[in-house]
Amino acid sequence: MKKLMMGIVLVLLIGVAGSPAAAATDLTKGHGFYEEISYLMEQEILNGYPDGTVRPDAIVTRGEAAIMIGHMEDLDGTQRDTPFSDVKKGQKASGFIAEAQEAGYINGYPDGTFRPDAPITRGDMAIILAQVFPTPFSVTADFTDVSPNMKAYEAISEILSVNITIGYSDHTFQPTAHVTRGQFSAFLARGLEPEFKNDARIPHSYMKDKTKTYTYNTGTHGIETHTYQYTKSPADEPIGFSWARHVPAINETYIYGEVETRKNLIHAYPVVDRFDPPLLAYPIKVGTTHSIYPSAEGQPLTPSDVTHTITAVGVTVETPYRTFTNAVEVTVEFGYKEYFVEGFAKVKTVNDNGTVFELIDVE
């Protein structure tokens with residue numbers, strides 16, 4: 001397994017002694033989050049219990065989440081008084097709860113309580129994850145059970161945009177559902193490791209593999225490479241994981257996010273807080289059409305709408321990298337045709353003058 005990329009030391013299990021076991025008696029390879037839990041245990045992020053179990057289906061409490069945040073942010077866990085009426089100095093998590101609250105990572109309830117023993121919900125976990133991990137992009141969360149008036153709406157949108165979640169197959173996020181240790185491990189592993197971000201994709205996803213480097217030949221600037229990496233700003237502020245598009249001809253690198261919802265595939269950009277019109281609209285079927293839509297500021301990205309229409313599926317497309325036989329053809333106004341392939345995103349663009357963009361290597 002790859003080492004942690006941010007030098008963060010995390011401990012999920014709170015107040016329970018035990019070494020990070022190489023194999024837990026209740027964790028089988030058939031468990032849905034076996035790889036994520038094993039990764040966190042190998043990194044000494046997640047510990048097992050004294051009886052040799054890891055309890056992947058046990059619920060994570062709010063107090064455990066607060067201590068986890070404390071370890072992540074190197075907070076002082078010394079027990080002390082807190083602003084919450086139900087968290088006294090003698091409570092095991094009191095120091096972490098107090099500091100995490102002061103830092104803005106967690107909040108209590110309007111009645112002045114924190115409820116440390118209450119199960120944490122997926123909505124509250126999204127808020128924590130959005131605070132802990134850099135989230136340079138944000139797209140509209142299109143889950144049927146998530147609306148803009150929800151407290152967790154922005155956080156859910158942010159962790160969707162950085163491939164920490166994709167929600168459920170019925171287009172829900174289930175923000176009030178409780179979070180198990182296995183589910184939490186999946187969220188955490190995706191925040192830390194690109195390999196696991198690949199799991200936050202819809203079936204038959206068109207997003208690129210985040211563990212590989214893609215090389216393209218473009219008409220304007222020649223060769224360019226796209227690599228998924230942890231990025232910082234010129235001021236050394238963390239931007240987070242994103243695709244770095246390096247253009248040697250002009251010695252420039254551009255940062256973008258490749259975001260997938262159950263409705264479309266999108267490119268998003270940090271700092272400027274904007275995103276392109278969908279690269280590809282779902283469902284994949286001939287006749288599906290999309291066009292440019294307004295930016296976050298309510299202004300169009302270009303003076304006029306440009307219609308993109310899926311005009312063929314199962315198309316054979318030749319590129320220097322390889323010949324694809326399952327491409328989706330998207331016809332764009334003004335004479336362009338773009339070709340997308342599952343797991344590769346766009347592999348080729350042509351116009352009346354010939355090829356203007358194509359994939360030449362993946363490694």
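The values are calculated or read from the model by the stated rules, or taken from the named source; none is laboratory data. Computed from a predicted model, the values in this text were never measured in an experiment. Note that each Cβ is placed from the backbone with ideal geometry, even for glycine, and that neighbours are counted across all protein chains shown.
Brief remarks follow.
- Considering (1) in contact (Cβ under 8 Å) with a residue 24 or more places away in the chain; (2) out of contact with any Gly (no Cβ under 9 Å at 6 or more places or on another chain), the lone condition that G30 does not fulfil carries the number (1).
- Output for region 198-254, where each listed residue is surrounded by 12 or more Cβ atoms within 10 Å (Cβ to Cβ), hydroxyl-bearing (S, T, Y) and more than 26 Å from E36 (Cβ to Cβ): T215, Y216, T218, T225, S233, T253, Y254
- Residue within region 93-111 that is assigned to a helix (DSSP H, G or I) and touching a residue at least 40 places away in the same chain (Cβ under 8 Å) present: no
- Looking across region 65-79, the residues that are farther than 11 Å from I97 by Cβ and crowded, with 19+ Cβ neighbours inside 10 Å come down to M68, M72.
- Filtered residue count, region 318-332, keeping only those that are outside any loop (DSSP other than H, G, I, E, B) and more than 18 Å from M207 (Cα to Cα): 4
- Residues of region 164-208 satisfying the condition of being of a type in the set (K, R) and within 28 Å of A281 (Cα to Cα): R190, K197, R201, K208
- Taken over region 33-49, the criterion of being at pLDDT below 90 and of a type outside the set (F, W, Y) is satisfied by I37, L40, M41, E42, Q43, E44, I45, L46, N47, G48.
- Some residue of region 117-137 being over 23 Å from the mean Cα position of the chain (by Cα), in a loop (DSSP other than H, G, I, E, B) and at negative phi: yes
- Test for H267: is it more than 16 Å from T140 (Cα to Cα), outside the structural domain of G167 (by TED's automatic domain parsing) and modelled with pLDDT of 80 or more: no
- Matching residues, region 108-138, being among the β-branched types (V, I, T) and either touching a strand residue (DSSP E or B) at 6+ places or on another chain (Cβ under 9 Å) or modelled with pLDDT under 95 (or both): I120, T121, I127, I128, V132, T135
- Residue count, region 213-264 (criterion: farther than 19 Å from T319 by Cβ and either among the acidic types (D, E) or in the same structural domain as D142 (by TED's automatic domain parsing) (or both)): 4
- Among the residues of region 183-220, those identified as more than 17 Å from the chain's Cα centre (by Cα) and farther than 22 Å from V139 by Cβ are T213, T215, Y216, N217, T218, G219, T220.
- Of the numbered criteria (1) in a loop (DSSP other than H, G, I, E, B); (2) at negative phi, the one E158 fails is (1).
- Failed item in (1) at pLDDT 85 or above; (2) within 17 Å of P136 (Cα to Cα); (3) polar (S, T, N, Q), with T225 passing the rest: (2)
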